[in-house]
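Chemist: Quick one: the structure is below, and I'll ask about it shortly.
The values are calculated or read from the model by the stated rules, or taken from the named source; none is laboratory data. A quick note: this is a predicted structure, and the numbers were derived from the prediction, not measured. No Cβ is skipped: glycine too gets one built from the backbone with ideal geometry, and neighbour counts run over all protein chains shown. What goes into the accessible areas is simple: the full protein's heavy atoms, side chains included, and nothing from ligands, DNA or RNA. Shrake-Rupley method; radii C 1.70, N 1.55, O 1.52, S 1.80 Å.
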Amino acid sequence: MVKILTRLLHGQLAESIKKFVNADFPGKAKHFTGYLAILIGAGLTILVQSSSVFTSAITPLVGMGIIKLERMYPLTLGANVGTTVTGVLAALASSNVVPAMRVAMGHLFFNLTGILIWYVVPPTRKPPLAAARFLGRTTRDYRWFAIVYIIIVFFLVPLAIFGLSVAGWQVLAGVGIPILLLVIVIIVINVLQAKKPEFLPSKLRTWDFLPIWLRSLEPIDRVFRLVKEKIPFCKSGTIVEEEPLQDVKVEQPRALVSANAWAETDI
């Protein structure tokens, strides 16, 4: 899809679309541009009856640089609201309207609450955008990361939480709270490393004291490369060389926990 859009949208056409989509209202009204984007995202999602179709269609445009990530964010939030209309329509057509409508309204207000928390107050927009940039850079460096991330976040973690909850809330709290605190400590240390390293002990100003498998995905990447070489249909055959890209900066393997990565996110 990215290749097709790249061939279709280039030159003056791409620049015109980029200026139009990413433009803000003039003056103080620019603060309302994002809310209009939310309404547009909701409306287009209602038309196609699927937030997945809408977001999948515009995600390549972000990768091409036509749509800015800051503009994609409210469009996606609007798509999450627009997809709840399908549930409302299904509830109205149900024989048991009251319980079905309760579920549909729960879905709707869940997404509206997400907008209130993560968009209405401008500073709260930074963590989702920072996480998106971090995941995007990591996937760029390690192509297998996206699949592993989906498996862990959408399958293994929910299954683990469900299993612990079945064992009892005490077990869930006993396991979940220490993990949550560890994640918070790592995030705080990363931010301090990027913004105020003088507040940290000298040893904590970098993660170099940790084993490489705790601060980088490079060891795991080597394992995936070895597995890829062992699989017959994944072995490379005749390589067709492409024209080299100009002015491309080759980066070193990015660390899993890196202060530089957080510095670029401007949290």
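Chemist: Answer rounded, prolate or oblate for segment 44-191, using the Cα gyration tensor with square roots of eigenvalues a ≥ b ≥ c: rounded when a/c is under 1.5, else prolate when a/b is larger than b/c, else oblate.
Modeler: Oblate shape, in that a/c is at least 1.5 and b/c is the bigger or equal ratio.
Chemist: Given springs between every Cα pair under 10 Å in a Gaussian network model of the chain, which of Tyr35, Tyr149, Tyr73 has the largest fluctuation?
Modeler: Looking only at Tyr35, Tyr149, Tyr73, the largest GNM fluctuation is found for Tyr149.
Chemist: So what is the calculated 222 nm ellipticity per residue for the chain, using -39500 (n - 2.57) for each DSSP H run with n of 4 or more, over all residues, to the nearest 500 deg cm²/dmol?
Modeler: So the calculated ellipticity at 222 nm is -20500 deg cm²/dmol.
Chemist: Continuing with the same structure: Taking 35 Å as R0, compute the FRET efficiency from the Cβ-Cβ separation of Thr206 and Val157 and round it to 0.05.
Modeler: 0.75
Chemist: Given points 7 Å out from each Cα along the Cα-Cβ axis, report the Ala173 to Leu226 separation in nanometres with one decimal.
Modeler: 4.4 nm
Chemist: Related question: May I ask you to give the solvent-accessible area per residue for segment 1-131, in square angstrom, as obtained with a 1.4 angstrom probe?
Modeler: Counting only protein heavy atoms, the per-residue value for segment 1-131 is 62 Å².
Chemist: Once phi is turned into θ = phi - 60°, what whole-Hz ³J(HN,Hα) does the Karplus curve with 6.51, -1.76 and 1.60 give for every residue of segment 198-207, x standing for Gly and Pro?
Modeler: 5, 7, 9, x, 4, 6, 8, 6, 9, 9
Chemist: Hey, got the dipole for segment 142-241? About the Cα centre, +1 on K and R Cβ, -1 on D and E Cβ, debye to the nearest 20?
Modeler: 100 debye
Chemist: Report the extension gain between Lys30 and Leu92 in nm, rounded to one decimal, defined as 0.36 nm multiplied by the number of residues separating them, less their alpha carbon distance.
Modeler: Residue separation times 0.36 nm, minus the Cα-Cα distance, leaves 18.6 nm.
Chemist: Under a 5 Å amide H to amide H cut-off, with H placed in plane at 1.01 Å, what residues pair with Ile67 once short-range neighbours are removed?
Modeler: Val62
Chemist: Also: Just the accessible area per residue of segment 149-218, please: how many Å² with a 1.4 Å probe?
Modeler: On a per-residue basis, 73 Å².
Chemist: With a 1.4 Å probe and every protein chain kept in, tell me what percent of the accessible surface of segment 77-118 is carbon plus sulfur.
Modeler: With neighbouring chains kept in place, the figure for segment 77-118 is 75 percent.
Chemist: What is the packing order of peptides 27-34, 129-136, taking the mean over residues of other C-beta atoms within 10 Å and listing the highest first?
Modeler: 129-136, 27-34
Chemist: Stick to the Cα atoms of segment 21-122, pair each with every other, and give me the Kirkwood hydrodynamic radius in Å at one decimal.
Modeler: Taking every pair of different Cα atoms in segment 21-122, averaging 1/r and inverting gives 14.5 Å.
Chemist: On to the next question. Given +1 on the Cβ of Lys and Arg, -1 on the Cβ of Asp and Glu, and no further charges, what dipole in debye does the chain carry about its Cα centre, rounded to the nearest 20?
Modeler: For the chain, the charge dipole is close to 200 debye.
Chemist: Sticking with this one: Run the numbers for Leu13 and Leu116: contour at 0.36 nm per residue of separation, minus the present Cα-Cα distance, in nm. Numbers along the way, then the final one.
Modeler: Details: separation 103, 0.36 × 103 = 37.08 nm, distance 3.53 nm.
Result for the pair: 33.6 nm of gain on full extension.
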